[in-house]
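Before I ask anything, here is the structure I am working with.
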There are 2 protein chains.
Amino acid sequence: MTTTIFDVAKQAGVSIGTVSRVINNRDRVSPETRERVLKAIQELDYHANALAQGLANQQTNTLGLVIPQVNDPFFFQIVRGVEDAASTVDYSLLIACQSRPASEHRYLDLFRRKFVDAMVLVAIDVYSHELEQIIERGVPIVMAQQDLGKNIPTFLVDNYRGARQLAEHLMEHSYQRIAFISGTHYTPDSRERLRGLRDVLSEHGLELPARYVVEGDYLRGSGHRAMQQLLELPDRPEAVFAANDQMAIDAIMAIQEAGLKVPDDIAVVGFDDIPMASYLSPPLTTVHQPIYELGWHAAKAALSLIKEESKDNGSMAAPHVMLLPTSLVLRRSCGC
Amino acid sequence: MTTTIFDVAKQAGVSIGTVSRVINNRDRVSPETRERVLKAIQELDYHANALAQGLANQQTNTLGLVIPQVNDPFFFQIVRGVEDAASTVDYSLLIACQSRPASEHRYLDLFRRKFVDAMVLVAIDVYSHELEQIIERGVPIVMAQQDLGKNIPTFLVDNYRGARQLAEHLMEHSYQRIAFISGTHYTPDSRERLRGLRDVLSEHGLELPARYVVEGDYLRGSGHRAMQQLLELPDRPEAVFAANDQMAIDAIMAIQEAGLKVPDDIAVVGFDDIPMASYLSPPLTTVHQPIYELGWHAAKAALSLIKEESKDNGSMAAPHVMLLPTSLVLRRSCGC
DNA sequence: TGGTACAATGTAAACGTTTTTACACTATCC
DNA sequence: GGATAGTGTAAAAACGTTTACATTGTACCA
């Protein structure tokens, strides 16, 4: 049996109410009593039962975090960011992996039953009825890495500006024929990156013909196939913008296998800045995504929404999509 | 106000005791009543409050997991393994990052206060008084990736056998002069890997002279320095075994910068099988660590200890250190 | 027909907090 | 010297479950 507030009260010769007041610095307690209670707490090595506190307070000081079950080192960074933010205000983290697609049911039920004070959902692509219920019940929700277009605070990496930065840099190298290896076509990330490239090109009076846009799937292998396709073109591109580093790496391999040189014959750039990028030969020019920061800010936002919620603030219009800035990482594969 | 067991009871026209019995399949309940209760639960969209359940049951169906704050993709794999294992028995995960060294206090207090049913500690290197208290209180603890030498179930990757496998393979290539780039010298991992190499060498009548063992620190950069040192030797090694992939990569770069070829002039092998390893030129031969499995088994063990605990089992001696097998990943850097 | 056995359900006491309410005691004022 | 205000503390009512125990109802048997 663990020691409870009753034990402390008995030891200090006061009532449990007083002990509680001392612990939470609530009402006035005389210095002598406070002293006695603190001494008892120390002697008995008392630690308040968080379950009971949660029950009484209707607040658990716990943040729910959902991450996709994908094996992507990115997500670990997000977890770190979220955890760091949470721990600054003594919040803890309840984590659920989205094991199968469409298993939202499982973690939403979990979070509801365990009464997390707020939730951070990473890369969730469905807006379920359950989610709506939870929002209505007043539990703050923040999304990251995926925009559902709902009225939910959402933190995203600014793919469009990131792509523009990179494209602008390619312009500085004066490349004319630039190709794009896309991710799966329906993903917003890939589309935004393509849009960034396209806009910059057209601002420079260049265009992006359809044969220069090849669809990949973000995964290993697809960049290789896409690049082979590009190499077969009569007017093969001078530079290739891959929608992620993985495919950029593939592309470089395909180019080198074809007996050509990167960046001398064809420049290649990627997106993500995965650890591997700096080790390639040539090292890959890419766009760094602020993943840790994404987690940090999403968590901070969720936590501040908890406070506002309990203050029952008037609902002033607040920004609902926040784009985090990327940064350009210049290495050698672009021709630098 | 969320719906409680009272609401369900009223709606179904029964007492809360009966509702609880239906939910938990406890005692006998007549089919008709059960039906009515289930209907009420569905109509009201009732979800039991896990805090209250935890308080009443003295059990939270929650597993505490501590991971180091290091930015290592490895740890995400462990988290996945643990989460998968936990979710098979409907356990959820409370995660704490070890933000600063010596912050055990924080997460142990957290887990104690939130009453996790068991804990998995990853790469924890101190055995604190608090930890001992928790163990005494009967909360099962399992460790992973670090052996404290205490009487605690511990899951490790079998560094010794992994190193031996790799060393045996180098023997097949008939290398005679083999060097070792160690990690920080006091880490058991590095020592075990060195021991594996040394043992295999001596079994083949070879020795490992002191000048062939250079200390690194596992981090980027140190392998480069170590390799330069080795290259300056009058009888430079034919093969280099780096204590991790990161340093192996460094070593390859140093060799190539010196105008030599891998594996023709010097073979290089690593340990870890990080994603990057397969992308190097030449692709790195290394030892794959079963990280996901490590998390999975550690969690399974912790969960089964919970059950035994509640059964109040007699304490029969059980294995306390479990070594998970590595696997050799042959690529080209070893000369294959 | 009265007693027993048993199945089905209701009741109330835990579980360990917080918080509201009430009360006792001082000090202060006319 | 009694009303008044201000402190410090105790007591009790939440919070939402589970579960041991009590109660009811029914069937069976002597």
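The values are calculated or read from the model by the stated rules, or taken from the named source; none is laboratory data. Fair warning: this is a prediction, and the values are worked out from it, not measured in the lab. Positions of Cβ are generated from backbone atoms using ideal geometry, with glycine treated the same way; all protein chains shown enter the neighbour counts. Surface areas here come from the heavy atoms of the whole protein model, side chains and all, with no ligands, DNA or RNA. Shrake-Rupley method; radii C 1.70, N 1.55, O 1.52, S 1.80 Å.
Classify the protein assembly as shown as rounded, prolate or oblate, taking a ≥ b ≥ c as the square roots of the eigenvalues of its Cα gyration tensor: rounded when a/c is under 1.5, otherwise prolate if a/b is larger than b/c and oblate if not. Kindly include the intermediate steps, with their values, before the conclusion.
Numbers: a/c = 2.23, a/b = 1.39, b/c = 1.61.
Taking the square roots of the gyration eigenvalues as a ≥ b ≥ c, the protein assembly as shown is oblate.
Put a point 7 Å out from Cα along the line to Cβ at residue A:127; what are the distances to that point in the other copies, in nm, shortest first?
Between copies, matching label points for residue A:127 lie 5.4 nm apart.
Let me ask something else about it. Where both partners of a DSSP beta bridge lie in chain B, what percent of those bridges are antiparallel, to the nearest 5? Walk me through the intermediate numbers first.
Details: 3 of 36 bridges.
Taking every DSSP beta bridge within chain B, about 10 percent pair in antiparallel fashion.
Would you mind listing the distances between the residue A:168 label point and the same position in each other copy? Use 7 Å along Cα-to-C-beta, nm, one decimal, shortest first.
Relative to the other copies, residue A:168 has label-point distances of 5.8 nm.
Moving on. State the answer as a single residue: which of A:242, A:298, A:115 lies farthest towards the positive end of the charge dipole of chain A, with beta carbon charges of +1 for Lys and Arg and -1 for Asp and Glu, about the Cα centre.
Sorting the options by dipole projection puts first A:115.
Return a whole-number percent for the relative contact order of chain B, with Cα pairs under 8 Å and 6 or more residues apart as the contact set.
Working: 594 pairs, mean separation 59.5, N = 336.
RCO, chain B: 18 percent.
Do you know the relative contact order of region A:211-271, to the nearest whole percent, from alpha carbon pairs under 8 angstrom that are 6+ apart? Can you show the working numbers first?
On the way: 89 pairs, mean separation 22.4, N = 61.
The normalised contact order for region A:211-271 reaches 37 percent.
Shape verdict for region A:169-267, please, from the Cα gyration tensor: rounded (a/c under 1.5), prolate (a/b greater than b/c) or oblate. Provide the component values of the computation, followed by the final result.
Details: a/c = 1.71, a/b = 1.08, b/c = 1.58.
Because a/c hits 1.5 or more and a/b fails to exceed b/c, region A:169-267 counts as oblate.
Just counting partner chain Cβ atoms within 10 Å, what average do the residues of peptide B:89-99 show around their Cβ?
On the way: counts 0, 2, 0, 10, 7, 6, 9, 5, 8, 0, 5.
Mean number of neighbouring Cβ atoms from other chains: 5.
Can you give the charge dipole size of chain A about its Cα centre, rounded to the nearest 20 debye, using +1 on the beta carbon of Lys and Arg and -1 on the beta carbon of Asp and Glu? Walk me through the numbers on the way to the answer.
Numbers: 32 positive and 42 negative charges, 171 e Å.
With only Lys, Arg, Asp and Glu charged at Cβ, the dipole is about 820 debye.
Something else: I want the local charge near residue B:130. Using Cβ-Cβ distances under 14 Å, sum +1 for each Lys or Arg and -1 for each Asp or Glu among the other residues. Working shown, then result.
On the way: positive: B:106, B:112, B:113, B:137, B:150; negative: A:45, B:104, B:109, B:132, B:136.
Result for the local shell: 0.
Follow-up. Given a cut-off of under 8 Å on Cα pairs at least six residues apart, what relative contact order in percent is computed for region A:5-48? Please report the intermediate quantities before stating the final value.
Values: 34 pairs, mean separation 19.0, N = 44.
Relative contact order of region A:5-48: 43 percent.
Take the Cα atoms of region B:5-48, build their convex hull, and give its volume per residue in Å³. Show your work: numbers first, answer last.
Details: hull volume 2.5 nm³, N = 44.
Measuring per residue, one finds 56 Å³ for the Cα hull of region B:5-48.
For residue A:150, go through the lysines and keep the ones whose alpha-carbon is under 30 Å away, minus same-chain ones fewer than eight residues off.
Partners found: A:114, A:300, A:307, A:311.
Nm distances between the label at residue A:258 and the same-position labels in the remaining copies, 7 Å along Cα→Cβ, shortest first?
3.7
Return the carbon/sulfur percentage of the accessible area of region B:5-48, one whole number, probe 1.4 Å, all protein chains in place. Write out the running numbers ahead of the final one.
Details: 1430 of 2950 Å².
Answer for region B:5-48 is 48 percent, counting heavy atoms of protein chains only.
Whats the longest run of chain B with zero GluC sites (Glu not before Pro) that are DSSP loop and have at most 11 other Cβ atoms within 10 Å? Numbers along the way, then the final one.
Values: sites that count: B:207, B:232.
It runs B:1-206.
Can you list the trypsin sites (Lys or Arg not before Pro) in region A:1-103 that are in a DSSP coil and have 11 or fewer other beta carbons within 10 angstrom? Walk me through the numbers before you get to the answer.
Working: sites: A:10, A:21, A:26, A:28, A:34, A:36, A:39, A:80; in loops: A:26, A:28.
Taking region A:1-103 and a limit of 11 other Cβ atoms within 10 Å, the loop trypsin sites (Lys or Arg not before Pro) found are A:26, A:28.
Averaged over peptide B:274-281, how many Cβ atoms belonging to another chain are found within 10 Å of each residue's Cβ?
Details: counts 3, 7, 8, 1, 2, 9, 4, 4.
Per residue, the average neighbour count from other chains is 5.
For peptide A:110-116, compute the average count of partner chain beta-carbon atoms within 10 Å of each residue's beta-carbon.
Values: counts 8, 2, 6, 9, 11, 5, 0.
Average per residue, whole number: 6.
Further question: Given the -39500 (n - 2.57) contribution per DSSP H run of 4+ residues, what per-residue ellipticity at 222 nm results for chain A, rounded to the nearest 500 deg cm²/dmol?
On the way: 12 runs with 147 residues, N = 336.
After summing the helix terms and dividing by the residues of chain A, the value is -13500 deg cm²/dmol.
Continuing with the same structure: Taking chain B as a Gaussian network, where each spring joins two C-alpha atoms under 10 Å apart, which residue of B:197, B:44, B:219 fluctuates the most?
B:44
Follow-up. Given R₀ = 25 Å, FRET efficiency for residue B:27-residue B:308 by Cβ-Cβ distance, to 0.05? Before the final figure, lay out each step's value.
Values: r = 26 Å, r/R0 = 1.03.
So the FRET efficiency works out to roughly 0.45.
Need the list of lysines near residue B:39 for cross-linking: C-alpha distance under 20 angstrom, and skip anything on the same chain fewer than eight residues off.
Partners found: B:10.
Something else now. Using the crude model of +1 on Lys and Arg Cβ and -1 on Asp and Glu Cβ, and no other charge, please compute the dipole size for region B:159-289 relative to its Cα centre, in debye to 20.
Working: 12 positive and 19 negative charges, 37 e Å.
Here the size comes out at about 180 debye.
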